[in-house]
1. Give the number of residues within region B:303-331 that are within 13 Å of chain A (Cβ to nearest Cβ) and either without any contact (Cβ under 8 Å) to a residue 40 or more places away in the chain or open to solvent by less than 10 Å² (accessible area, probe 1.4 Å) (or both).
2. What residue, among those in region A:413-464 that are modelled with pLDDT of 95 or more and among the aromatic types (Phe, Trp, Tyr), is nearest to residue A:381 (Cα to Cα)?
3. Criterion first (within 14 Å of another protein chain (Cβ to nearest Cβ), under 18 Å from residue B:68 (Cβ atoms) and not β-branched (Val, Ile, Thr)) does residue B:423 satisfy it?
4. Looking at region A:189-202, can you tell me whether even one residue there is at pLDDT 95 or above and on the phi > 0 side of the Ramachandran plot?
5. Would you mind finding the one in B:379, B:399, B:387 that is touching a residue at least 12 places away in the same chain (Cβ under 8 Å), open to solvent by 10 Å² or more (accessible area, probe 1.4 Å), assigned to a strand (DSSP E or B) and closer than 26 Å to residue B:92 by Cα?
6. Which of the following residues is in contact (Cβ under 8 Å) with a residue 12 or more places away in the chain and open to solvent by less than 60 Å² (accessible area, probe 1.4 Å): A:455, A:431?
7. Count, please, the residues in region A:426-464 that happen to be among the aromatic types (Phe, Trp, Tyr) and within 12 Å of chain B (Cβ to nearest Cβ).
Number of protein chains: 2
Amino acid sequence: MRWKFLLAALLCFVLPTSLAEAKEQTKLPNFVVIFADDLGYGDLACFGHPTIATPNLDRMAAEGMKFTQFYAAAPVCTPSRAALMTGRLPLRSGMCSNKRRVLFPNSNGGIPAEEITIAEALRSKGYATACVGKWHLGHHAQFLPTNNGFDSYLGIPYSNDMDRVNDAPKGRAAFLMPQIRFWNVPLMRNEKIIERPADQTTITRRYTEEAVRFIRQHQESPFFLYLPHSMPHVPLFRSPAFVDHSRRGLFGDVIEEVDWSVGQILDTLRELQLDENTLVFFTSDNGPWLIFNELGGSAGLLRDGKGSTWEGGMREPTLAWWPGQIQPGSISRDVASTMDIYATLHHLAGIELPTDRILDSHDLTPVLRGTGKSSRELLFYYRAYQLMAVRKGPWKMHLMTQDAYGPGSRQPVKHDPPLLFNLGHDLSEKFDVAAQHEDVIAEMQRDVERHRRAFEPAPSQLEL
Amino acid sequence: MRWKFLLAALLCFVLPTSLAEAKEQTKLPNFVVIFADDLGYGDLACFGHPTIATPNLDRMAAEGMKFTQFYAAAPVCTPSRAALMTGRLPLRSGMCSNKRRVLFPNSNGGIPAEEITIAEALRSKGYATACVGKWHLGHHAQFLPTNNGFDSYLGIPYSNDMDRVNDAPKGRAAFLMPQIRFWNVPLMRNEKIIERPADQTTITRRYTEEAVRFIRQHQESPFFLYLPHSMPHVPLFRSPAFVDHSRRGLFGDVIEEVDWSVGQILDTLRELQLDENTLVFFTSDNGPWLIFNELGGSAGLLRDGKGSTWEGGMREPTLAWWPGQIQPGSISRDVASTMDIYATLHHLAGIELPTDRILDSHDLTPVLRGTGKSSRELLFYYRAYQLMAVRKGPWKMHLMTQDAYGPGSRQPVKHDPPLLFNLGHDLSEKFDVAAQHEDVIAEMQRDVERHRRAFEPAPSQLEL
C-alpha cells in the first residue's frame, strides 16, 4: 500500500503544479493596443467631453482603469509610434528629425532592423501578431509591419493627409470638404498595395472587421493585436452609419465610430470568453491638431496640442481593461508613458527585456493590479532631438518651449532659468513657480545632466 | 361559499389598489440638493480632473446621471441661489444688482416675502425641510431660511470671505495663509448666532454631521435637505483629516472633503434604505474664481469662470442620483438649469406650480427617467439686470461679453451684430460663426425680443 500512498501524495503535490504550469503556458495573456491618431486629452466623455458620446470607452473605463497622467513619447506621429514599438525614446532609434518632423511619402528611411519591436519580442514567445491600421514607421518593404514582427498587416503606411493630388483644393480648403480622391494614400495588405486611394470613408469599419477576424482566428493561441486607427487625423472620414451621429459635428462622428470600434473589440473578447485573459490598452499618438479649429480635437484643460511639449501635446486619454485583473472603475494618477507598454507586455508574457540597449520603459503591472507603483521617476519631453522639458513627481521643468497654438511663441524660446510648474496643482501650466523652488530646479537639472551623459542619439532615419 | 369567493376576489383587486395608493401617499420622494460654492466644470474626477480624487461623486455618477450642459442661473452667488430657491431668473425677484454683485454684511435686503421658495412649497405638502450651509439671500431675520420655508437652519448667512477684520492681511495675502480669525463670519442656528468667527476648519464636517442627523430624524416623513456648502469659496479651509489629502494642494483637499461629505449623505440613505426613495442633486452656484490662481478651481475646457457669462462662469458639473429611477451611468447632454430643480421637485411631490407669476423652470422628470426631453428651449445668461447671451439648441449668441479672466476685456463689450458659437462643436467658444449663420442670429434675436417684452424686472433687493 505504501507505494500507492506515496504515488497519490506525489500526484497531489506534483501533478497540480505541472498542470498549473502547463495551463499557465497555454494561458499567456493576449494583448490589444488600440492607438488613436491626434486624439486630445479632452475628447472622450469619460475624460470630460460634454458633447461627444463614447459609451463603449466609458464602459471600458468603468470596467477597467483610467490613467490621467499617461503620455505619448513625442508630440508628433512617427517618433511617438517608434517609441511605442521599441520602448525607447525616439532619438535612441533615430526615428525623429529636427528637419522633417515625420516620415513622408518621399522618405527612404524607417525603423532600423536592429530595433526589437514589441511584436518581434512577443512573436518569439509564440504570439500570433497583427497590425491593423496606420503604421508610419517606413513604407519601403523592410520597414513594414510584416518585416518587424507582425504576421499580418492591413492599413495605410503613413498619414491619411499625405499624397495630396495636384487638382485637390490647396491648403486647408481640402480638409473642409474632404473627398477620398484628394489623397492618393495606399491601403496595403502585408507588403502589397490593394487599394489606392484608400477609401477612407469605410476605413475605420474595415480595420475593425479585420481586427475582429484576427481575434476569432486566434482564440487558442496567445495573440497581440496592434490597432492604430487612422482617425481622428484630418482629413476626417466616417462610414455612412456615422454621418451626423454626433453633436460635435464631423469630428464627433469620427470619434463615435472609433468608440463603436472599441465596443466591437471588447464585445468579441467577451463573446469568446477571452476577456479575462486579454489586456487591452486604449490611447493615442499625440494631442489634438488645434490649428484645424473645429476639425481638430480638444486637449481639455491642458495647454496647447499636437506638436508642442506643453501638456496638451503629449498627455493622452488612456484606458486599460482586463476583467478580473484590474479593479473596475479605478483611476491611476501616476505618470506613465506609451513606452511603458513595452516592459509591461514583456513582463506579462514572461519575456526578458533586452539588456544590450537603453530602454525607457517601466513595467505597469503593479499599477494595473493595484499592488504598487511603477518604477518610473522621470519623464522626458523631446521635440525631435531637442530636450524641451522634464517631469519628476508633480514638477515639470521647461528648458525650452515652442507653441503649436495659442498665445505663446511659435519659435522655440529657451528658458534660463527654466520654467517650473506644479502639475498636481496647476493643471493648465499657468503659474511659473521656479522662483519659489530653486531646490527643485537644481535637483532636476542634475537629473537632466545625468540623462544627457547616458544618452547616445542615433542618426536620423527620417532624413534619408 | 360564493360570497367568500367574491370577497376574496374583491380583496385581490380592490385592496391592493387602496394599499398602493396609501403607500404612494406615504412614499413621497425625499429630496437632497447639495450645492457647492465656486466649483468649476472641470473640478471633479468624473468631469475630467486629472489630480483631484472624488470617489464618492464618481460613484454617484456611475450610479446616477451626469449632466454635461447644466447651468447655474447667474455667474455669482446671491442671484444664483435666489434663482435655485424660486425657479425664477434673479431679476424677477430683484435678487441682483448692477451696482453690488451680491449681498454684503451691510446690506439690508434679502429674498422678498412674496417669493415662494421650493422649501415653502414642499413644506406645504408635509415635507420636513432643513437648510445646512451658506444661505446668502439676506441675513436679517425675515430673510433667513427659517422664515423662508425651512424648519431648521445651520450655517453662515453670507460668504466666508466677508467680515474681514481690520488687522488681517490686506488683499490676496489673507487667502494665501488663511486663519479663522481673519473673517468674523457668524455661524447661525436658526436665527441665532452660535459662533463668531465660524470655525471654518471644521465647517464642512459639521454641516455633514447636521445633514446626516436630519436624515436620520426624518426617515418616516418625506424630507427636503438643502446642503449649500461654504466651500470651495476662498478662503479655503478643511478638517485636519484632509490636510495634504490631495495632489491638488489646498483646493484639492477642500474638494476631497466635500466629496467625503457626499459619500456620508449617500451612505446614510443606503443604510436607512431610503436610497430608492430619494432624489439627490449635486451642482454649484457658479464657476471657479480664476483670479485666485491655484486657490481657484478650473472650468476645464470651458472659457473663463465666475463672474462671466462665458460658459466657464455658469456651466456646472452636475449629478443626479436616484437608484431604481435613474439609469446608472447615464449622461444627459441637454441644456438644463438649476432653476429646473424647482419644477422637478414640484412635479415629483405632486404640487401644482404657482400660476400667478412667471417661472423659468422646466420639469426634468422625463430626463431623469429617460422617458423624454425637458421642455426648455431657451437659456438666458444674465449679468445682474443685463442680458448678455442666449442659448438655443447648440447655439449661443452673445449680445455682450465681459471677461472675468483671460485674454478678453474686463469692461463690457457690446456685440452688434452678436457673436455666435456652436457649443456642440466648439466647446471653448473659440470660433465665432455669426457670419455663416445669419438666419440663426435673426431667429434668436426674435426670441430675445419676445423674452424682453414679457419680462418685468423687480427693483433690486441688493441695493437696500
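The values are calculated or read from the model by the stated rules, or taken from the named source; none is laboratory data. All values reported here derive from a predicted model rather than from experimental measurement. Don't worry about glycine lacking a Cβ; one is built from the backbone with ideal geometry, like all the others, and counts go over all protein chains shown. Calculation scope for accessible area: heavy atoms of the full protein, side chains included, ligands and nucleic acids excluded. Shrake-Rupley method; radii C 1.70, N 1.55, O 1.52, S 1.80 Å.
1. 7
2. A:421
3. Working: within 14 Å of another protein chain (Cβ to nearest Cβ): yes; under 18 Å from residue B:68 (Cβ atoms): yes; not β-branched (Val, Ile, Thr): yes.
Taking the combined requirement at face value, the residue satisfies it.
4. There is at least one residue in region A:189-202 that is at pLDDT 95 or above and on the phi > 0 side of the Ramachandran plot.
5. B:399
6. On the way: A:431 fails: in contact (Cβ under 8 Å) with a residue 12 or more places away in the chain.
It is A:455.
7. Selection size over region A:426-464: 1.
Conditions (1) charged (D, E, K, R); (2) open to solvent by 10 Å² or more (accessible area, probe 1.4 Å); (3) within 17 Å of residue A:258 (Cβ to Cβ), marked per residue:
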{"residue": "A:210", "(1), (2), (3)": "yes, yes, yes"}
{"residue": "A:214", "(1), (2), (3)": "no, yes, no"}
{"residue": "A:228", "(1), (2), (3)": "no, no, yes"}
{"residue": "A:231", "(1), (2), (3)": "no, no, yes"}
